[in-house]
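The values are calculated or read from the model by the stated rules, or taken from the named source; none is laboratory data. Everything numeric here is computed off the predicted structure, so don't read it as measured data. All Cβ positions, glycine included, derive from the backbone under ideal geometry; neighbour counts span all protein chains shown.
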Amino acid sequence: MTVYVDNFNAQYGRMIMCHMMADSLDELHQMADKIGINRKWFQNKPRFPHYDIAKSKKALAIQHGAVEVTPQQLVTIMREKYPV
């Protein structure tokens, strides 16, 4: 199982945000807990369940084993996991 963070750099106020997704929701939530992301920030999208995380949290996720991918790679991975 893998957790993914993309290198999408969206500005949100003073923060730079990206997406964090995983092969399973359990693994996604476990990583959120490890890096200190509150579950109320979980975005339960049917084909794109994810957290938007700040750049500092992305660094923590990578330290805990998350894999950095491009936004395009993330879309491809998620299409395989959540087909129409």
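So, ILE62, is that one assigned to a helix (DSSP H, G or I) and of a type in the set (Val, Ile, Thr) or not?
Details: assigned to a helix (DSSP H, G or I): yes; of a type in the set (Val, Ile, Thr): yes.
Criteria met by ILE62.
Just name the residue that is farthest from MET15 (Cα to Cα) out of those in segment 27-38 that are out of contact with any Pro (no Cβ under 9 Å at 6 or more places or on another chain) and surrounded by 14 or more Cβ atoms within 10 Å (Cβ to Cβ).
To start, the set of residues in segment 27-38 that are out of contact with any Pro (no Cβ under 9 Å at 6 or more places or on another chain) comprises 27, 29-38.
Then drop every residue that is not surrounded by 14 or more Cβ atoms within 10 Å (Cβ to Cβ), which leaves 27, 29-32, 34-35, 37.
Working: GLU27: 25, HIS29: 22, GLN30: 23, MET31: 20, ALA32: 18, LYS34: 20, ILE35: 17, ILE37: 15 Å.
Out of the qualifying residues, it is GLU27.
Taking ILE53, is it of a type in the set (A, V, I, L, M), without any contact (Cβ under 8 Å) to a residue 40 or more places away in the chain and surrounded by 16 or more Cβ atoms within 10 Å (Cβ to Cβ)? Spell out how you get there, then give the answer.
On the way: of a type in the set (A, V, I, L, M): yes; without any contact (Cβ under 8 Å) to a residue 40 or more places away in the chain: no; surrounded by 16 or more Cβ atoms within 10 Å (Cβ to Cβ): yes.
Answer is no for this residue.
Yes or no: segment 4-13 includes at least one residue that is over 15 Å from LEU74 (Cα atoms), modelled with pLDDT of 95 or more, surrounded by 11 or more Cβ atoms within 10 Å (Cβ to Cβ) and of a type outside the set (D, E, K, R). Outline the logic, then answer.
Here is the first cut: in segment 4-13, the residues over 15 Å from LEU74 (Cα atoms) are 10-13.
Filter again for modelled with pLDDT of 95 or more, leaving none.
Scanning segment 4-13 turns up no residue that is over 15 Å from LEU74 (Cα atoms), modelled with pLDDT of 95 or more, surrounded by 11 or more Cβ atoms within 10 Å (Cβ to Cβ) and of a type outside the set (D, E, K, R).
Check ALA22 against each of (1) loosely packed, with under 13 Cβ neighbours inside 10 Å; (2) in contact with a Leu (Cβ under 6 Å, 6 or more places away or on another chain) and name the one condition it does not meet.
(1)
If I ask for residues that are touching a strand residue (DSSP E or B) at 6+ places or on another chain (Cβ under 8 Å), polar (S, T, N, Q) and outside any strand (DSSP E or B), which ones from segment 1-54 would you list?
Result: THR2, ASN7, ASN9.
Could you tell me whether segment 39-47 includes any residue that is surrounded by 12 or more Cβ atoms within 10 Å (Cβ to Cβ), charged (D, E, K, R) and farther than 14 Å from HIS29 by Cα?
Looking through segment 39-47, none of the residues is surrounded by 12 or more Cβ atoms within 10 Å (Cβ to Cβ), charged (D, E, K, R) and farther than 14 Å from HIS29 by Cα.
Considering each residue of segment 51-83, count those that are more than 11 Å from the chain's Cα centre (by Cα) and among the aromatic types (Phe, Trp, Tyr), and give that number.
Count: 1.
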